[in-house]
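Novice: Take a look at this one; I'll ask things after.
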Amino acid sequence: MEHLPVSVYRVPTDLPGGDATLTWNSTTLLLVEVAAAEKKGIGWTYGSAAAAPVVEHELADLAVGQDAFGVPAANDRMSRAVRKHRQARPVLPTPS
């Protein structure tokens, strides 16, 4: 893979969505463009726009320059890289 630009799109929904705690009228889509050997492709997911910097700054370097067909190995590298974030807990200030 040669590069992984990330774009974030807010997509309006046809009807309001919701569950017992939240309602929404749009969803956020993250789109990653992939280029390798003069071929292009995309990957996408729904999520927070806050995930875009994670892709750009933590994951892209683990994929760029790697075998485009080595998906299991790339998944393993990226999963290991973000594992610390999944296990992290926010530190709350101590009340004074």
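The values are calculated or read from the model by the stated rules, or taken from the named source; none is laboratory data. Just so you know, these numbers come straight off a predicted model, no measurement behind them. With ideal geometry, Cβ positions are generated from the backbone for all residues, glycine too; neighbour counts draw on all protein chains shown. Please note that ligands, DNA and RNA were not included when accessible areas were found on the heavy atoms of the full protein model with its side chains. Shrake-Rupley method; radii C 1.70, N 1.55, O 1.52, S 1.80 Å.
Novice: Within region 67-96, take every residue that is modelled with pLDDT under 85 and among the hydroxyl-bearing types (S, T, Y) and give me the one that is least open to solvent (accessible area, probe 1.4 Å).
Specialist: This residue is T94.
Novice: Out of the residues in region 1-23 that are assigned to a strand (DSSP E or B) and within 23 Å of R80 (Cβ to Cβ), which is most open to solvent (accessible area, probe 1.4 Å)? Talk me through it step by step, then tell me what you get.
Specialist: Step one: of region 1-23, the residues assigned to a strand (DSSP E or B) are 3, 6-18, 23.
Now restrict to residues that are within 23 Å of R80 (Cβ to Cβ): 3, 6.
Values: H3: 84, V6: 26 Å².
Among those that are assigned to a strand (DSSP E or B) and within 23 Å of R80 (Cβ to Cβ), it is H3.
Novice: Could we say that A60 is closer than 17 Å to R77 by Cβ, free of Cβ contacts under 8 Å to residues at least 60 places away in the same chain, open to solvent by less than 80 Å² (accessible area, probe 1.4 Å) and part of a helix (DSSP H, G or I) here? Outline the logic, then answer.
Specialist: Details: closer than 17 Å to R77 by Cβ: yes; free of Cβ contacts under 8 Å to residues at least 60 places away in the same chain: yes; open to solvent by less than 80 Å² (accessible area, probe 1.4 Å): yes; part of a helix (DSSP H, G or I): yes.
Yes, satisfied.
Novice: What number of residues in region 24-52 are farther than 13 Å from P5 by Cβ and either open to solvent by 50 Å² or more (accessible area, probe 1.4 Å) or modelled with pLDDT of 85 or more (or both)? Let's see the steps before the verdict.
Specialist: Let us first name the residues in region 24-52 that are farther than 13 Å from P5 by Cβ, namely 24-29, 36-39, 45-51.
Next cut, either open to solvent by 50 Å² or more (accessible area, probe 1.4 Å) or modelled with pLDDT of 85 or more (or both) only: 24-29, 37-39, 45-51.
Residues that pass the stated criteria total 16.
Novice: When you go through (1) of a type in the set (A, V, I, L, M); (2) modelled with pLDDT under 90; (3) within 19 Å of the chain's Cα centre (by Cα) one by one for V8, which number turns out not to apply?
Specialist: Unmet for V8, out of (1) of a type in the set (A, V, I, L, M); (2) modelled with pLDDT under 90; (3) within 19 Å of the chain's Cα centre (by Cα): (2).
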